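Undergrad: Before I ask anything, here is the structure I am working with.
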Amino acid sequence: MGISRVLSALWFVYNFLPVSQSDVFSNPKCYYPAECLALNDSNTMCLGVKVKYTHTSLSLANDSATLEDVKEKLRAWSGLQGAPKCWDVIQPLLCAVYMPRCENSQVEMYRRDLCLSTKEPCKIVPEANGGEWPSFLDCDYHIFLLMRRAL
């Protein structure tokens with residue numbers, strides 16, 4: 001493991017993980033620092049669902065640099081509506097990744113079990129992506145690995 005990955009891991013553990021295991025179970029939501037962007041009337045929908053908050057962040061999806069990019073990527077993902085069993089589980093995950101709630105410069109991280117629930121019904125995703133899930137939809141994404149190691 002390279003020094004930059006070790007330093008990144010240590011920075012994450014120091015800044016984002018709860019003080020104790022009991023904190024994890026008493027407050028199941030995880031937050032970490034991020035730049036929050038205001039949503040306006042033209043971008044309050046996520047895959048047909050109106051979001052109930054006023055700010056989001058681009059920090060979880062590594063393929064989007066603007067809210068316009070997010071709209072474009074979500075439009076591409078909407079093709080999975082043709083696979084209803086997959087769509088039922090991946091739609092909430094996609095919204096949690098592409099349009100997470102962000103308040104007070106903290107983004108709400110999606111739960112790992114939400115990510116894991118997509119793997120079986122959405123086998124079409126890695127098949128269409130060269131055999132792999134996009135890195136930001138990988139349930140072993142570095143954030144989850146660090147959280148699991150810390151517990």
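Undergrad: Scan around residue 32 for amide H atoms under 5 Å from its own, H built in the peptide plane at 1.01 Å from N, and keep only partners 5 or more places away or cross-chain.
TA: Those lying under 5 Å, H to H, from residue 32 are 107, 109.
Undergrad: In vacuo Debye scattering of the range 60-136, one point per C-alpha: log10 I(q)/I(0) at q = 0.11, 0.12, 0.26 Å⁻¹?
TA: Here log10 of I(q) over I(0) equals -0.28, -0.33, -1.46.
Undergrad: Hey, another quick one. Might you tell me the accessible area per residue for the range 31-149, computed with a 1.4 Å probe and given in Å²?
TA: Numbers: 6490 Å² over 119 residues.
Heavy-atom accessible area per residue stands at 55 Å².
Undergrad: Probe radius 1.4 Å, ligands and nucleic acids ignored: give me the carbon and sulfur share of the accessible area of the range 34-151 as a rounded percent.
TA: Values: 3320 of 6470 Å².
Carbon and sulfur: 51 percent of the exposed surface of the range 34-151.
Undergrad: In whole Hz, what ³J(HN,Hα) sequence does the range 58-64 give by Karplus (6.51, -1.76, 1.60; θ = phi - 60°), x for Gly and Pro?
TA: Rounded to whole hertz, the list is 9, 6, 8, 9, 7, 10, 9.
Undergrad: Hey, can you grab everything whose amide H is under 5 Å from the amide H of residue 37? Only 5+ residues off in sequence or another chain; H modelled, so Pro and N-termini drop out.
TA: Correct list: 56, 57.
The values are calculated or read from the model by the stated rules, or taken from the named source; none is laboratory data. Nothing here was measured: the structure is a model prediction, and the numbers come from that model. The accessibility values were calculated without ligands, DNA or RNA, using every heavy atom of the protein model including side chains. Shrake-Rupley method; radii C 1.70, N 1.55, O 1.52, S 1.80 Å.
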